[in-house]
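The numbers here are math on the coordinates, done by the rules we state, and not lab data. Keep in mind that this is a model prediction, so the values were computed, not measured. In this analysis, Cβ positions are derived from the backbone assuming ideal geometry, glycine residues included, and neighbour counts consider all displayed protein chains.
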Amino acid sequence: MRALGLTDFSAYLEYLKREPQEVKRLLNILTINLSFFFRNPETFAFLEQHQFVEFKKEKGALVFWSAGCANGEEPYSLAILAAETSLLERVTVYGTDIDEHTVTHARAGMYPPSTFQYTPNSIVEKYFTKRDEGYRINDDIRARVRFLHLDLFEKASFGRCDLIMCRNVFIYLNRSAQSKAIRNFSERLKPHGYLVIGKVELLIGIPELKVFEVVSRTEHIYRKLSG
Ligand SMILES: C[S@@+](CC[C@H](N)C(=O)[O-])C[C@H]1O[C@@H](n2cnc3c(N)ncnc32)[C@H](O)[C@@H]1O
């Protein structure tokens, strides 16, 4: 409400009725640790068709970072996409979160069926093993993903990244924290590295974004210009 300049709940309710996007944003806030494999599948499809094709043309190690990774669904999805595009052997994915419980959960790699609502069955069958009531991520994918307990404003201990995903986290941050996060990400990215933010997130009036160009307006993908 503060971010929108609204001072009372009835004004916010009116705003919710007018702006369907805000309903999505509110739901995200209320479901702070909720995540899914291949959340917003169209974003992963875009990455597969563009950025991953580019990565394939280059040689050498690739570093991906999922910042605010909740229970690990997002970094494992990136590793699965790398496997599907024959990049897995070159990839290390870091998944970091400020919430220690989610990091422990992510390392265990066990998931209920509800986390697969955006994932084709063929992918679940190929990369997970059914265990009791849930599914466990297979070891070849798990081996490429490292989880760390880390506030996204802290300096990460790993090398510079080819791609950073930070989705559905900016909604919890005020403008100055958003700026700080973008600055940190631009420092952590390799020249021409990619930043992906959430589809419901709008970063407006953030000067630190000037070092990025927009790659996809619909998928909220940015590319660091250089340096
Ligand atoms: C809604 S989940 C998003 C998960 C995933 N990125 C996605 O889009 O599905 C938000 C996550 O951000 C984490 N988070 C919030 N503030 C953070 C911070 N300052 N540093 C690291 N993680 C943070 C929360 O603990 C939570 O797990």
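Report the gain in length on full extension from L13 to H101: 0.36 nm times residue separation, minus Cα-Cα distance, nm rounded to one decimal.
Using 0.36 nm per residue and subtracting the Cα-Cα distance, I get 28.4 nm.
How far apart, in nm, are two points set 7 Å out from the Cα along the Cα-to-Cβ line at E54 and at D151?
3.2 nm
Give me the number: length gained by fully extending T129 to A45, i.e. 0.36 nm times residue separation minus the C-alpha to C-alpha distance, one decimal in nm.
27.8 nm
What list do you get for L81, L87, L6 if you sort them by fewest beta carbons within 10 Å?
Least crowded to most crowded, the residues run L6, L87, L81.
Once fully extended, how much extra length lies between N138 and L202, figured as 0.36 nm per residue of separation less the alpha-carbon to alpha-carbon distance?
Extending this stretch completely gives an extra 19.5 nm.
Among 183-196, 106-119, 127-140, what's the highest-first ranking by average C-beta atoms within 10 angstrom per residue?
183-196, 106-119, 127-140
Counting other C-beta atoms within 10 Å, and keeping those with at most 16, which DSSP coil GluC sites (Glu not before Pro) do you find in segment 1-88?
Of the GluC sites (Glu not before Pro), the ones in loops of segment 1-88 whose Cβ has at most 16 other Cβ atoms within 10 Å are E58.
Can you work out the FRET efficiency for the pair S114 and N174, with r the C-beta to C-beta distance and R0 = 25 Å, to the nearest 0.05?
Efficiency computed from Cβ-Cβ geometry: 0.20.
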